[in-house]
Amino acid sequence: MGYENVLVEIDAPIATVTLNRPKVLNALSPDLIRELTAALADLDADETVRAVVLTGGPKVFAAGADIGDMADRSAVEQLSRDQTGRWISLAGFSKPLIAAVNGYALGGGCEVMLMCDLVVAGETARLGQPEINLGIIPGAGGTQRWPRTAGKYAAMEVMLSGAPVTAERAYELGIVNKVVPAEMTIEVAKRLARQLAEKPPLAVRMAKEAVLKAFESPLSEGLASERKSFYFLFASEDQKEGMHAFLEKRKGVFKGR
Ligand code: DAK
């Protein structure tokens, strides 16, 4: 796949997408966001891929949206370029998306991380929303996903001070799943992706949808939706395979059907 600002490596059943503007700390230009959403749409449609790692490489995840691109934009230009629609589509990826974060994940970079399902952080990771220092606020979900994940007070601290938190503090806040030595981050994320790729894909997809639904709906609606997905999965070959494999004391082999 020919992209300039992201690198895509498929090693079925997993794929790794690497943000690739190292000279500007992977600042998220409109071109990069366009390529990232296109790459993820391709991977979503690729049946050989069952889990994806998203990383910025060994040094930095992403230092935010490209300030050079935004500095002189008017409000109307911001609106009419409809960047928002593109950013939001990242959250609609249907397969497990695992962020492997080394170094800075700031502003839009942190918001992209917050759209992932699991986060492996290197000890060097620094996560934050410095937008306040630029006279703006987060525009791709930061003010909403931080409090839903880390609670009101941690969110206020990050949002109002603009100061990043360390990987260790992010772990305490429950905003990352694991902290590992920086040189291991991508490998650990890939290992996790391979483990998830062995699970029944339809059940994985429905489990992901169900958890995300918890952030969108009242409990009764979430429970009703969960139950429907539960019943639906009994129409899949993978449910029959999973249960019979258990009864026959063998490992299930899942096809996503
Ligand atoms: N944009 C553009 N260039 C950036 C950049 C950024 N966000 N971050 C770093 N760079 C560039 C630097 O300008 C520098 O370029 P040269 O001078 O070498 O040409 C190069 O990357 C290396 O950076 P530094 O020299 O600054 O490196 P340091 O190690 O000294 O400092 C730093 C690293 C991460 C602390 C520092 O670079 C920094 O503070 N960067 C800015 C962080 C920031 O404020 N991020 C938030 C940006 S606002 C939207 C949705 C979301 C957003 C916008 C719209 N819509 C839905 C429409 C999101 C907004 C944001 O993220």
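The table that follows gives values for the structure above.
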item: Subset of the range 30-62 that is assigned to a loop (DSSP other than H, G, I, E, B) and within 15 Å of the ligand (Cβ to nearest atom) - its residue that is surrounded by the most Cβ atoms within 10 Å (Cβ to Cβ); result: PHE61
item: Qualifying positions in the range 1-29 - under 15 Å from TYR104 (Cβ atoms), surrounded by fewer than 15 Cβ atoms within 10 Å (Cβ to Cβ) and without any contact (Cβ under 8 Å) to a residue 24 or more places away in the chain; result: LYS23
item: Options GLU248, GLU216: the member that is loosely packed, with under 13 Cβ neighbours inside 10 Å and more than 26 Å from the chain's Cα centre (by Cα); result: GLU248
item: Conditions (1) in a helix (DSSP H, G or I); (2) free of Cβ contacts under 8 Å to residues at least 40 places away in the same chain: number failed by LYS208; result: (2)
item: One residue from ASP72, ASP11 being touching a helix residue (DSSP H, G or I) at 6+ places or on another chain (Cβ under 9 Å) and over 23 Å from ALA167 (Cα atoms); result: ASP11
item: Residues located in the range 63-81, provided they are among the acidic types (Asp, Glu) and either surrounded by 15 or more Cβ atoms within 10 Å (Cβ to Cβ) or near the ligand (Cβ under 8 Å from one of its atoms) (or both); result: ASP66, ASP69
item: Looking only at the range 92-113, and only at residues there that are in a helix (DSSP H, G or I) and in contact (Cβ under 8 Å) with a residue 60 or more places away in the chain, the one that is nearest to the ligand (Cβ to nearest atom); result: GLY108
item: Qualifying positions in the range 111-142 - out of contact with any Pro (no Cβ under 8 Å at 6 or more places or on another chain) and under 18 Å from ILE33 (Cα atoms); result: VAL112, MET113, LEU114, MET115, CYS116, PRO138, GLY139, ALA140, GLY141, GLY142
item: Options VAL52, VAL17, VAL24; residue that is touching a Lys or Arg at 6+ places or on another chain (Cβ under 7 Å) and at pLDDT 95 or above; result: VAL52
item: Qualifying positions in the range 68-91 - hydroxyl-bearing (Ser, Thr, Tyr) and not in a helix (DSSP H, G or I); result: SER74
item: Residue satisfying condition, being in contact with a helix residue (DSSP H, G or I) (Cβ under 9 Å, 6 or more places away or on another chain), away from the ligand (no atom under 15 Å from the Cβ) and part of a helix (DSSP H, G or I), within set THR149, THR143; result: THR149
item: In the range 114-131, the residues that are near the ligand (Cβ under 9 Å from one of its atoms) and part of a helix (DSSP H, G or I); result: PRO130, GLU131
item: Odd one out for PRO200, checked against (1) in contact with a strand residue (DSSP E or B) (Cβ under 6 Å, 6 or more places away or on another chain); (2) crowded, with 20+ Cβ neighbours inside 10 Å; result: (1)
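The values are calculated or read from the model by the stated rules, or taken from the named source; none is laboratory data. Because the structure is predicted, anything quoted here is derived from the model rather than measured. All Cβ positions, even for glycine, are placed from backbone atoms using ideal geometry, and neighbour counts span all protein chains on display.
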